[in-house]
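Peer 1: Sharing a structure, written as structure tokens. Questions coming.
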Ligand code: TTP
Ligand code: MG
């Protein structure tokens with residue numbers, strides 16, 4: 001265990017540990033792994049749906065329904081009702097379900113995951129840390145658990161597709177889709193998450209990125225977004241179409 005001491009919730013560690021560089025496991029991986037990232041409501045699930053038509057591609061949408069019914073417990077609802085109480089448990093649960101995603105589908109040519117362990121850590125948990133919701137020993141345990149899993153498991157990827165839209169547009173889409181648990185999510189929360197995605201995937205603030213990142217502007221009209229997806233399809237699935 002790391003040799004740190006914690007006196008109070010104010011005693012926070014400044015930033016998440018960056019992920020280790022690409023390993024031999026990354027180089028040996030036979031399945032092309034694509035991570036689809038972007039703010040809440042930007043359109044990740046819709047993007048994945050488009051790729052379902054290709055039989056070489058196995059898509060893994062995020063299991064939000066498990067988070068809203070974790071053995072009968074609506075963890076997402078609890079998180080939004082009382083983030084300080086629930087963010088540690090929620091982010092631990094998300095990270096474990098992401099780990100399952102990373103490990104599944106080894107028998108296919110391409111697998112595409114909605115989100116990853118990385119965004120749980122670099123965007124959501126980091127935001128809770130910055131807001132003082134996950135502090136002291138909670139943050140340290142979360143960070144240490146992540147670092148341990150990252151070092152033991154092959155969670156690397158060949159490409160990250162960053163679906164980027166303004167927080168205002170994501171907010172509008174969130175309102176329209178009307179997930180009951182998200183009814184009180186303020187625009188400010190999406191602004192913070194937007195900046196954290198940018199920090200990680202554009203500004204390299206979470207360590208040097210060793211996975212290529214394709215940034216798609218998904219703030220446009222749907223038909224234009226579809227055209228862009230068609231345009232980059234070959235690059236995204238690595239010529240397996
Ligand atoms: P997203 O992971 O952004 O998924 P989405 O389906 O809302 O996105 P899209 O419309 O682009 O398909 O968020 C799902 C919900 O879970 C959302 O309310 C935010 C929450 N969440 C966390 O609180 N912490 C996390 O680590 C993750 C991954 C999600
Ligand atoms: Mg989704």
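The values are calculated or read from the model by the stated rules, or taken from the named source; none is laboratory data. For clarity, every value in this text was computed on a predicted model and none was experimentally measured. Using ideal geometry, Cβ is built from the backbone for each residue, glycine included, and neighbour counts are taken over all protein chains shown.
Peer 1: Would the stretch 161-174 turn up any residue that is surrounded by 13 or more Cβ atoms within 10 Å (Cβ to Cβ) and assigned to a loop (DSSP other than H, G, I, E, B)?
Peer 2: yes
Peer 1: Quick one: which residue in 120, 165 is closer than 16 Å to residue 79 by Cα and within 12 Å of ligand 1 (Cβ to nearest atom)?
Peer 2: 120
Peer 1: Restricting the search to the stretch 91-131, which residues are in a helix (DSSP H, G or I), within 16 Å of ligand 2 (Cβ to nearest atom) and either touching a helix residue (DSSP H, G or I) at 6+ places or on another chain (Cβ under 7 Å) or free of Cβ contacts under 8 Å to residues at least 12 places away in the same chain (or both)?
Peer 2: Within the stretch 91-131, 94, 97, 98, 120, 123, 124 qualify.
Peer 1: Right, something else. Quick check on the stretch 208-227. Is at least one of its residues more than 20 Å from residue 101 (Cβ to Cβ), modelled with pLDDT of 95 or more, within 16 Å of ligand 2 (Cβ to nearest atom) and in a helix (DSSP H, G or I)?
Peer 2: So far as the stretch 208-227 goes, no, none of its residues is more than 20 Å from residue 101 (Cβ to Cβ), modelled with pLDDT of 95 or more, within 16 Å of ligand 2 (Cβ to nearest atom) and in a helix (DSSP H, G or I).
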